[in-house]
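> I am attaching a structure below and will ask some questions about it afterwards.
The values are calculated or read from the model by the stated rules, or taken from the named source; none is laboratory data. Here the structure is a predicted model, which is why all the values come from computation and not from measurement. Counting neighbours? That spans all protein chains shown, and the Cβs are built from the backbone with ideal geometry, glycine included. Accessible surface is based on the protein model in full, side chains and every heavy atom, while ligands, DNA and RNA are left aside. Shrake-Rupley method; radii C 1.70, N 1.55, O 1.52, S 1.80 Å.
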Amino acid sequence: MAEVLVYVDHVDGAVRKPTLELLTLARRIGDPVAVALGAGAANTAATLAEHGAAKVLTDEAAEYADYLVVPKVDALQAAVEAVSPAAVLVPSSAEAKEIAARLALRIGSGVITDAVDVEAGDEGPVATQSVFAASYSTKTRVSKGTPVITVKPNSAPVEAAPAAGTVEALSVTFSAQATGTKVTGRTPRESTGRPELTEAAIVVSGGRGVNGSENFAIIEALADSLGAAVGASRAAVDAGWYPHTNQVGQTGKSVSPQLYIANGISGAIQHRAGMQTSKTIVAVNKDAEAPIFDLVDYGVVGDLFEIVPQLTEEIKTRKG
Ligand code: FAD
């Protein structure tokens, strides 16, 4: 069976969930070979093996630090040359998408971005993309070379699939470009203590109905009572009430949590594109005709300034 390279997104050896989802997809088209780079790379092996990685190629060179992409492209190119895989799967994060595009150029193939599914095809792996705000699905194949496919988070389940997970050192020769850039400073973002939006099991979002940045405190309070991430509609982001990194939708992030609570959000198609695959959807909106009610499991018609604080208190009481 052909091997499939999976680029591992990890923080000091802790593998992030989208990588485990990639392993599920990789197993559909071949034997997954994971590529883990940077500090703690070797520590990823046990988790990757539990989820189907037959082999884990690691390199902990200092060059991978600081989010510079070229050393990682060099490493993935070396891995492609060593393994001749049927495909390279990477998560659809901002960093990994840049790596994917550069890698495809280097190896003379093509890149498919933001796939929501990958399957085996007669002429090579076929990726499904969701287009026009999820109104259509397209099936795409790279016709030349090793396809590089970026996959959106929550596109596949995380599955236990014990495999050997044999660790092998990846031998990488860095290109001149890799050493041509260096990081001169960085400003870490203040941590909210909340889960990452695309990985959260529960997302609580606010829209134009929240009516001001200060009012997002009630959305955050509900999120914190549930251990949830906070999302926002584009209207709320464009108004400057919440950061773009929290935007859900076509031009924001795609989320697929167990529970999505939309507050003061009308349910425009571009917002739905980023959340309609959530398992259970709840909406609070004072307009009973709001389109969001067409896709909810539970709808509350009412003023969010009354309902959301009551809900938060009720959850806190029940949690004790
Ligand atoms: P509105 O549509 O104005 O809805 C506000 C809702 O709040 C209304 O339904 C109202 O009844 C309700 N409300 C008001 N006050 C209260 C209250 N006190 N209590 C309860 N309910 C209340 N949008 C996104 O969200 N994400 C995207 O990624 C995105 N990408 C886009 C890309 C393109 C190319 C385009 C053209 C648009 C995009 N949009 C996106 C914008 C989208 O079309 C909508 O304009 C946007 O989603 C509306 O946000 P909203 O629902 O918060 O605001």
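> Working from Cα positions, state the angle (0 to 90°, nearest 10) between the long axis of helix 17-29 and the longest principal axis of the chain.
The angle comes out at about 60 degrees.
> Sticking with this one: Can you give me the relative contact order of the chain as a percent, contacts being Cα pairs under 8 Å and 6 or more apart?
Contact order relative to length: 14 percent.
> If you count only protein heavy atoms with a 1.4 Å probe, what accessible area per residue comes out for segment 263-320, rounded to a whole Å²?
Per residue, segment 263-320 has 58 Å² of solvent-accessible surface.
> Less than 19 Å from a label point 7 Å out along the Cα-to-Cβ axis of ILE269: which backbone N atoms in segment 97-136 qualify, by residue?
129-136
> Helix 70-83 versus the longest principal axis of the chain: what is the Cα-based angle in degrees, 0 to 90, to the nearest 10?
That helix lies at roughly 60 degrees to the long axis.
> Here is a follow-up. Any idea what angle helix 216-226 forms with the longest principal axis of the chain, computed on alpha-carbon atoms, 0 to 90 degrees, nearest 10?
70
> Tell me the label-point distance for the pair ALA288, VAL301, using the 7 Å Cα-to-Cβ offset, in nm and rounded to one decimal.
Between ALA288 and VAL301, the simple spin-label model gives 0.2 nm.
> For THR251 and LYS319 in the same chain, what is the full-extension length gain: residue separation times 0.36 nm, less their Cα-Cα distance, in nm?
20.9 nm
> Heavy-atom accessible area per residue, segment 3-89, 1.4 Å probe: how many Å²?
31
> Work out from phi, with θ = phi - 60° and the Karplus expression 6.51 cos²θ - 1.76 cosθ + 1.60, the ³J(HN,Hα) of each residue of segment 175-182, listed in order in whole Hz, and give x for Gly and Pro.
Karplus values, whole Hz, x for Gly and Pro: 6, 4, 4, 4, 9, x, 10, 9.
> Here is a follow-up. What ³J(HN,Hα) values, in whole Hz, does the Karplus curve 6.51 cos²θ - 1.76 cosθ + 1.60 give for segment 288-294 when θ = phi - 60°, with x put for Gly and Pro?
For segment 288-294, the Karplus curve yields 5, 8, 4, x, 4, 5, 6 Hz.
> Under the rule of at least 5 residues apart or a separate chain, name every residue whose amide H is placed under 5 Å from the amide H of ALA87.
LEU5
> Just want the answer: with Cβ charges of +1 for Lys and Arg and -1 for Asp and Glu, which residue in PRO162, PRO188, ALA229 is farthest toward the dipole's positive end in segment 161-293?
Result: PRO188, furthest along the dipole toward the positive end.
> If one computes the Cα centroid of segment 23-71 and of segment 75-111, what distance in Å separates the two points?
Comparing the Cα centres of segment 23-71 and segment 75-111, I get a distance of 13 Å.
> Using a 1.4 angstrom probe, figure out how much accessible area segment 106-181 has per residue, in square angstrom, rounded to the nearest whole.
Solvent-accessible surface per residue comes out at 55 Å².
> How much mean residue ellipticity at 222 nm does the chain get from its helices, if each DSSP H run of length 4 or more adds -39500 (n - 2.57) and you divide by all residues, to the nearest 500 deg cm²/dmol?
-7500 deg cm²/dmol
> Under 15 Å from the Cβ of SER225, count the other residues' Cβ atoms, weight Lys and Arg +1, Asp and Glu -1, and hand me the total.
That works out to 0.
> What relative contact order, as a whole-number percentage, does segment 95-228 give when Cα pairs under 8 Å and 6 or more residues apart are counted?
Computed over segment 95-228, the figure is 19 percent.
> By the scheme Lys and Arg +1, Asp and Glu -1, what is the net charge of all other residues having a beta-carbon under 15 Å from that of LYS316?
Around LYS316, the charge tally is -2.
> What is the packing order of peptides 206-214, 185-193, taking the mean over residues of other C-beta atoms within 10 Å and listing the highest first?
206-214, 185-193
> Leaving ligands, DNA and RNA out of it, report the carbon-plus-sulfur percent of the accessible area of the chain at a 1.4 Å probe.
49
> Another question, if that's okay. Would you please give the residues with an amide H less than 5 Å from that of GLY231, counting only those at least 5 places away or on a separate chain, with H modeled from the backbone geometry?
VAL204, SER205, GLY206
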